[in-house]
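Asker: Just dropping this structure here.
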Amino acid sequence: MLNCWTSSLLHYRHHLLFLQMAAPKSHRIRQLADSSMEASVKKPRSLATDSASATDSSMKDSFTKYAEYLNHFNDKRERVVKASRDITINSKKVIFQVHRIGKNNKDEVLEKAEKDLSAVRDQQIARLVNELQGTDFWKLRRAYSPGIQEFVEAATLCKFCTTGNLLNLEELNAMLLPLSDPSLEPLQINILDYVLGLADLTGELMRLAIGRISDGELEYAQKICRFVREIYRELTLVAPKMDDSSDMKSKMDVMLQSVMKIENACFSVHVRGSEYIPLIGTNDANYGLLGVSDFD
């Protein structure tokens, strides 16, 4: 019996030793399992961080490019506005030169005006062409449109005073074609700027007609009257269909006033011509102001 109890005690002690030896092993296994799980969790987390960093860098590069483009575009716009302002100033000088025309200096005045107009084209417009390439013609149209309209006004005024005809859009663009690089899209004046410049032309023709009446050139004034009346009649058909109708509407109102002023001046001389003879520098009592036949 004693031997049986002793063997049971020994068996129990061996069992305790086995548990003590097994416990650290299972703990180590658990630690290894936990560490492997942490590694498996941390690895995707590291990949996600790298991907987010790459996305941020790509987005930053994109916005840097956008900022550079906008800065470059704004700088170009400022240069285009400056070129348009110079075109406006020098085109007005051409118009003022035309208004110096008189009975005895017509050829001289028009020759100087044509020379000044060529200088505007070869210098100021050429600078504008160098700034505008491709789609910039349309993106920056409002930046250079005022200068182009003034150039159209000066060019058409010179053409009328020289030949009595209207300078059309094809002829105007042909004047600018040599300024462009043949490998690039040339600067072309669009129909809208041409029509807006043509509307302004009537105001200058009204001033020219009044000046010709004061110098006694009644037939020339009546020719201007018919020309302006024809422009107004044609533009009344075009203006309602234009995109920029708000600007054109105000110009049409001014144009109508110009037509009426020329007609009133010519009509006054036509009806009360004998009263105007001393005012226009003639002493011939038989000067046929009352018999002007081509006023209509």
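Throughout, read-outs are computed from the coordinates displayed, never taken from laboratory work. Bear in mind that the values here come from a model prediction, so they are computed numbers and not experimental data. Every residue, glycine among them, receives a Cβ derived from its backbone with ideal geometry; neighbour counts consider all protein chains shown.
Asker: Fewest Cβ neighbours within 10 Å first, please rank Met59, Met255 accordingly. Please list the in-between numbers first.
Answerer: Details: Met59 10, Met255 24.
So the residues, fewest neighbours to most, are Met59, Met255.
Asker: Normalising by the residue count of the stretch 196-258, find the relative contact order in percent from Cα pairs under 8 Å and 6+ residues apart.
Answerer: Details: 37 pairs, mean separation 27.9, N = 63.
Reported relative contact order: 44 percent.
Asker: What list do you get for Ser183, Ser258, Ser62 if you sort them by fewest beta carbons within 10 Å? Could you put the intermediate results ahead of the total?
Answerer: On the way: Ser183 5, Ser258 23, Ser62 10.
Sorted ascending by nearby Cβ count, the order is Ser183, Ser62, Ser258.
Asker: State the Cα centre-to-centre distance between the stretch 77-139 and the stretch 169-247 in whole Å.
Answerer: Centre-to-centre (Cα) distance: 15 Å.
Asker: Using the number of other C-beta atoms within 10 angstrom as an exposure proxy, rank Tyr232, Tyr220, Tyr66 with the fewest first.
Answerer: Numbers: Tyr232 17, Tyr220 20, Tyr66 10.
So the residues, fewest neighbours to most, are Tyr66, Tyr232, Tyr220.
Asker: Here's a follow-up. Express the relative contact order of the stretch 61-159 as a whole percentage, based on alpha carbon pairs under 8 Å and six or more residues apart in sequence.
Answerer: It comes to 46 percent, rounded to a whole number.
Asker: I've got another one for you. At 0.36 nm per residue, and after removing the present C-alpha to C-alpha distance, how many nm does the segment from Lys103 to Lys139 gain when stretched out fully? All intermediate terms of the calculation are to be shown ahead of the outcome.
Answerer: Numbers: separation 36, 0.36 × 36 = 12.96 nm, distance 4.58 nm.
Residue separation times 0.36 nm, minus the Cα-Cα distance, leaves 8.4 nm.
Asker: For a Förster distance of 25 Å, can you work out the FRET efficiency between the beta-carbons of Tyr66 and Ile89, rounded to the nearest 0.05?
Answerer: Details: r = 35 Å, r/R0 = 1.40.
Efficiency, rounded to the nearest 0.05: 0.10.
Asker: Once you charge only the Cβ atoms, +1 for Lys and Arg and -1 for Asp and Glu, what is the size of the charge dipole of the stretch 72-189 about its Cα centre, to the nearest 20 debye?
Answerer: Working: 18 positive and 17 negative charges, 94 e Å.
It comes to approximately 440 debye.
Asker: With a ≥ b ≥ c the root eigenvalues of the C-alpha gyration tensor of the stretch 120-235, is it rounded (a/c under 1.5), prolate (a/b larger than b/c) or oblate?
Answerer: Numbers: a/c = 2.70, a/b = 2.33, b/c = 1.16.
In terms of gyration-tensor shape, prolate.
Asker: Then there is this: Provide the net charge surrounding Val152, with neighbours chosen by a C-beta distance below 9 Å and charges set as Lys +1, Arg +1, Asp -1, Glu -1.
Answerer: On the way: positive: none; negative: Glu150, Glu153, Asp193, Asp200.
Local net charge: -4.
Asker: I've got another one for you. Rank His72, Ser57, Ser91 by how far each Cα sits towards the positive end of the charge dipole of the stretch 49-93 (+1 on Lys, Arg Cβ; -1 on Asp, Glu Cβ) and give me just the farthest.
Answerer: Positive-end residue among those listed: Ser91.
Asker: OK, next. Can you compute 3J(HN,Hα) from phi for each residue in the stretch 249-266, using the Karplus curve 6.51 cos²θ - 1.76 cosθ + 1.60 with θ = phi - 60°, rounded to whole Hz and x for Gly and Pro?
Answerer: Once rounded to whole Hz, the list reads 4, 5, 5, 5, 5, 5, 4, 4, 5, 5, 4, 5, 5, 5, 4, 5, 5, 5.
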